[in-house]
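Just so it is clear, none of the values below were taken in a lab; they were calculated from the coordinates. Note that the structure is a prediction, hence the values are computed from the model and not measured. Cβ sites come from the backbone with ideal geometry, for glycine too, and all protein chains shown count toward neighbours.
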Amino acid sequence: MASRNEQETLKALEAFINETIRRGREARPPYNPTIFIDMRTKLGTVTTIKRLVVQSDVEKSGFLALKSRGLLNCTIEAAVLEFPSLFTDGEREAAEFRLRRAGWSGPDKAVSQPSKLLEASGGPGARQLGVSGPTAQAGADAVSLDALRTGAEPARAGAQVVPPLPVDEAEFKREVSRLSGLSLEELHRRLRAHSRPQPPNSVETQVRRFERDPVVVALALKRAGLRCEVPECKHLTFETEDGLPYMEVHHIKPLAEGGADTADNVACICPAHHREAHHGRRADAIRAALTRLRAAVNSRAL
């Protein structure tokens with residue numbers, strides 16, 4: 001049987017969720033979590049949160065919608081951290097991971113005031129916000145309270161919780177860098193602790209790309225004779241299907257920094273130096289060397 005403290009915590013969670021739904025609907029533009037409300041009606045609040053918080057496909061969740069409205073504190077992830085006793089270590093880790101990488105700075109006291117929010121739990125106001133089914137009768141049935149607290153049907157109890165995967169490349173690299181600080185034994189332990197679908201799931205993402213002129217690329221490759229223009233390059237490359245050395249065209253001043261897609265701002269470099277120009281310690285030195293090279297070539301052309 002659930003203790004009185006557990007009942008109060010569950011009531012406070014219901015009130016917290018009601019308040020976050022209200023704030024989402026009053027946002028500009030409004031956000032109405034119809035999928036969450038439908039699941040909440042059928043499964044109850046805690047079970048719904050437990051199922052959604054470990055999903056890796058946040059692109060199709062309400063998380064990004066609330067983030068874009070400045071309402072990270074109205075996400076189910078914030079609810080997990082606000083009421084940690086109702087959730088597992090894995091669920092709390094997944095929630096905090098997603099919030100921190102989104103720039104979350106901590107709970108909003110305007111939302112997380114359990115003593116005040118309890119006044120709003122239950123009653124007609126709660127039902128208007130989609131509270132019905134298991135959660136509407138949480139205080140009347142000790143069995144339903146225990147089901148809410150564990151968050152799953154008996155057959156699903158103890159199911160593995162898989163932390164969400166990073167969505168974009170930058171997040172992926174940051175997570176790899178963070179995990180690289182762990183021991184090999186810890187990495188093996190984490191890998192054994194969960195299993196992911198194989199082959200991996202695919203996700204749809206929006207990527208911003210710059211339009212590039214193929215003439216500029218062809219000119220840069222031809223001008224350099226398919227040789228790396230980084231001074232004293234000794235890296236080996238490989239042959240393409242055409243039997244030619246594989247080279248890449250690099251923007252000396254990146255397009256993302258306002259660089260131009262012109263012949264004066266590109267260089268033909270090997271793939272190893274291209275990666276180093278973007279991710280290596282010598283990135284600034286390579287940029288300076290290529291800038292001097294272009295300036296020297298241009299001065300000879302005058």
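Using the Cβ-Cβ distance between Gln55 and Leu255 with R0 set to 41 Å, the FRET efficiency works out to roughly 0.75.
Taking amide H as placed 1.01 Å from N in the peptide plane, the amide H of Glu229 sits under 5 Å from that of Cys268, Ile269, Cys270, each at least 5 places away or on another chain. If the segment from Ala296 to Arg209 were pulled out straight at 0.36 nm per residue, it would be longer than the present Cα-Cα gap by 28.3 nm.
For the range 214-301, averaging the sequence separation of C-alpha pairs within contact (under 8 Å, six or more residues apart) and dividing by the residue count gives a relative contact order of 30 percent.
Scoring 280-289, 10-19, 63-72 by mean Cβ neighbours within 10 Å over their residues and listing the highest first yields 10-19, 63-72, 280-289. If R0 is taken as 41 Å, the Cβ-Cβ distance between Arg22 and Ser202 corresponds to a FRET efficiency of 0.70. Here the range 214-301 is assigned +1 on the Cβ of each Lys and Arg and -1 on the Cβ of each Asp and Glu. Its dipole about the Cα centre then comes out at about 400 debye. Once the chain from Asn5 to Ala65 is taken as fully extended at 0.36 nm per residue, the excess over their C-alpha distance is 18.3 nm. The coefficient of translational diffusion for the range 203-301, derived via Stokes-Einstein from the alpha carbon Kirkwood radius under 25 °C and 0.890 mPa s, stands at 171 µm²/s.
Based only on other Cβ atoms within 10 Å, what is the fewest-to-most ordering of Cys270, Cys233?
Lowest count first: Cys233, Cys270.
For His278 and Val217, the difference between the fully extended length at 0.36 nm per residue and the C-alpha to C-alpha distance is 20.1 nm.
Each residue of the range 262-277 was assigned a 3J(HN,Hα) from its phi angle through the Karplus expression (A = 6.51, B = -1.76, C = 1.60, θ = phi - 60°), giving 10, 4, 6, 10, 10, 9, 8, 9, 6, x, 5, 5, 5, 5, 5, 5 Hz with x at Gly and Pro.
Here the spin labels are modelled as points 7 Å beyond Cα on the Cα-Cβ line, and at Lys173 and Thr262 they lie 2.7 nm apart. As a proxy for reagent exposure, ranking His250, His274, His235 by other Cβ atoms within 10 Å from fewest up yields His235, His274, His250. From most to least packed by mean Cβ count within 10 Å, the peptides 182-188, 3-9 give 3-9, 182-188.
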